[in-house]
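Student: The structure follows.
The values are calculated or read from the model by the stated rules, or taken from the named source; none is laboratory data. What you see is a predicted model; the values in this text were computed from it and never measured. Glycine also receives a Cβ, built like all others from the backbone with ideal geometry; neighbour counts cover every protein chain displayed.
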Amino acid sequence: MKKQSMGAIIPNGVNKTKQKVFFRQTWVEIDKSDFRFNLKKIREYIARDTKIMAVMKSDAYGHDAVTLAKEAQEEGVEWVAVSSLEEGIILREAGIKSNILILGNIFPYENFQVALAHSLTSTISKMSEFANLENLAVKLNKKIDFHLKVDTGMGRIGALSETAYSILQRVAQSREVNMSGVYTHFAVADTDPVFTQLQLDIFMKVVKFARGNLGLKFIAHAANSAALFKSKRAHLDMVRPGLGLYGLTPFKYSERFLKVKPVLSWKTKITFLKKVPSGFCVSYGRTFVTNKLSVIATIPVGYDDGYNRLLSNKGDVLVRGKRCPIAGKITMNMTMVDVTGVKDVAVGDEVVLIGTQGKEYIKVDELAKIQNTINYEVTCNISARVPRIIV
């Protein structure tokens, strides 16, 4: 390990410049070269004139939105998507110049002024939202861009198609606002191609009406990572990869369509070791009992860091290239691991929670399966207090 000023420790091979100072031996590594690799693969997979909107909501699914938005910008990505005004403002203050779309709705309507002040593109889903945005444009004597969200079957925000037609007619009559995009979101692109096609059909009727009947010009976009991988018909003018950008799989066997590399690794270190006798209980609830003389390691990571308690007695970590089981219940700030079978194990040994060590690999999907959830919930739940360092 390399020492930084103030006694902080950062891993070997990591550039110390502008890295966060941290003392607790738990960190996430973000590989920006793998992120660029994934961007390249997506570009090669889509048509040359199809744009990319990099979805970076929830701190880029836990991957450090500021860092990766800068990478995307350098790679010529024209659009970034976030979920809220706050996320958009963070990117602007970090120097991101790309177009930024807020995927969530704006409420209260006074917040349209906040979006405009930071050059953020708002989503419109209701006639009242459109009217308020138009009034603001009149008040400021300034044309304001927005994207119209159409709900074709997701049931979240978005105008149902009949409402969308009415809004589009108002858009065609307005000189104060500019609809630069129209979009929808697929509910089951990973599992149900029939329903996904139904959603796409509904959406394309709206798009054709706006273009053919009203003469409007805009970017149409619909494809999340699952649809990007599975359905080239859904690529349209722009695709919206989230999972795929970070090397997470949107569905089983997705690598048959497009192979990407995981961008995130999660690591820690053994900070305490002890030998315990047979019949010794470990952690709360006494759910783990040794059946022989054992070596138990303590690592400084727990459920407050986002290392889910459901992994207790079920998950594995990697130590010196070997899988080692979690021993007992994961606690708030510490986890115990049975390292009895690891030769020459020592305090200071690197422990991999997610990622590769030697010939072994712990995937995000493995942790998600144990927790009965989806892979991107796992990365989103890694606490902001865990430092993200760039490799």
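Student: Suppose the filter is without any contact (Cβ under 8 Å) to a residue 24 or more places away in the chain and over 21 Å from residue 108 (Cα atoms); does residue 194 pass it?
Tutor: yes
Student: Scan region 188-219 for residues that are outside any helix (DSSP H, G or I) and crowded, with 17+ Cβ neighbours inside 10 Å and report the count.
Tutor: 5
Student: State all residues of region 69-89 that are surrounded by fewer than 17 Cβ atoms within 10 Å (Cβ to Cβ) and farther than 21 Å from residue 149 by Cβ; if no residue qualifies, say none.
Tutor: 74, 75, 76, listed by residue number.
Student: Keeping to region 304-329, report how many residues are among the hydroxyl-bearing types (Ser, Thr, Tyr) and more than 18 Å from residue 387 (Cβ to Cβ).
Tutor: 1
Student: Something else: Give the residue, chosen from 285, 306, 302, that is within 28 Å of the chain's Cα centre (by Cα), of a type outside the set (Ser, Thr, Tyr) and at positive phi.
Tutor: Within the list 285, 306, 302, the selection yields 306.
Student: Which members of region 24-56 meet the condition of being among the aromatic types (Phe, Trp, Tyr), in contact with a Lys or Arg (Cβ under 8 Å, 6 or more places away or on another chain) and crowded, with 19+ Cβ neighbours inside 10 Å?
Tutor: Across region 24-56, the qualifying residue is only 27.
Student: Looking at region 285-311, which of the residues that are touching a residue at least 24 places away in the same chain (Cβ under 8 Å) and assigned to a strand (DSSP E or B) is nearest to residue 377 (Cα to Cα)?
Tutor: My answer is 299.
Student: In region 327-342, how many are closer than 20 Å to residue 277 by Cβ and part of a strand (DSSP E or B)?
Tutor: Number satisfying all stated conditions: 3.
Student: Next question. Just to be sure, is residue 297 buried (at least 20 other Cβ atoms within 10 Å of the Cβ), hydrophobic (A, V, I, L, M, F, W, C) and under 19 Å from residue 341 (Cβ atoms)?
Tutor: yes
Student: For region 231-247: of the residues being charged (D, E, K, R) and over 22 Å from residue 34 (Cα atoms), which is farthest from the chain's Cα centre (by Cα)?
Tutor: 233
Student: Then there's this: Looking at region 328-342, can you tell me whether even one residue there is in contact with a Phe, Trp or Tyr (Cβ under 8 Å, 6 or more places away or on another chain) and surrounded by fewer than 14 Cβ atoms within 10 Å (Cβ to Cβ)?
Tutor: yes
Student: Hey, any hits in region 220-234 for a residue that's within 30 Å of residue 141 (Cβ to Cβ), surrounded by 16 or more Cβ atoms within 10 Å (Cβ to Cβ) and not assigned by TED's automatic domain parsing to the domain that holds residue 377?
Tutor: yes
Student: Can you name the condition, by its number, that residue 144 falls short on among (1) in contact (Cβ under 8 Å) with a residue 40 or more places away in the chain; (2) among the aliphatic types (A, V, I, L, M); (3) touching an Asp or Glu at 6+ places or on another chain (Cβ under 8 Å)?
Tutor: Answer for residue 144: the failing condition is (1).
Student: Now for a different question. Taking residue 167 as the residue in question, decide whether it is on the phi < 0 side of the Ramachandran plot, touching a Ser or Thr at 6+ places or on another chain (Cβ under 6 Å) and not in a strand (DSSP E or B).
Tutor: Here the answer is no, as residue 167 does not meet what is asked.
Student: Output the residue which, of all residues in region 248-260 that are surrounded by 14 or more Cβ atoms within 10 Å (Cβ to Cβ) and part of a loop (DSSP other than H, G, I, E, B), is nearest to the chain's Cα centre (by Cα).
Tutor: 248
Student: Right, another one. What number of residues in region 151-166 are surrounded by 23 or more Cβ atoms within 10 Å (Cβ to Cβ) and not small (Gly, Ala, Ser)?
Tutor: Of the residues in region 151-166, 1 are surrounded by 23 or more Cβ atoms within 10 Å (Cβ to Cβ) and not small (Gly, Ala, Ser).
Student: Collect the residues in region 112-135 that are of a type in the set (A, V, I, L, M) and under 25 Å from residue 220 (Cβ atoms), keeping them in residue-number order.
Tutor: Correct list: 115, 116, 120, 124, 127, 131, 133.
Student: Being under 30 Å from residue 202 (Cα atoms), out of contact with any Gly (no Cβ under 6 Å at 6 or more places or on another chain) and surrounded by fewer than 23 Cβ atoms within 10 Å (Cβ to Cβ): is that true of residue 303 here?
Tutor: The answer is no for residue 303.
Student: So, in region 166-188, exactly how many residues are within 27 Å of the chain's Cα centre (by Cα) and not aliphatic (A, V, I, L, M)?
Tutor: 6
Student: Within region 343-353, is even one residue part of a loop (DSSP other than H, G, I, E, B) and farther than 23 Å from residue 280 by Cβ?
Tutor: yes
Student: Could you please find all residues in region 105-123 being within 23 Å of the chain's Cα centre (by Cα), buried (at least 20 other Cβ atoms within 10 Å of the Cβ) and not polar (S, T, N, Q)?
Tutor: 106, 115, 120
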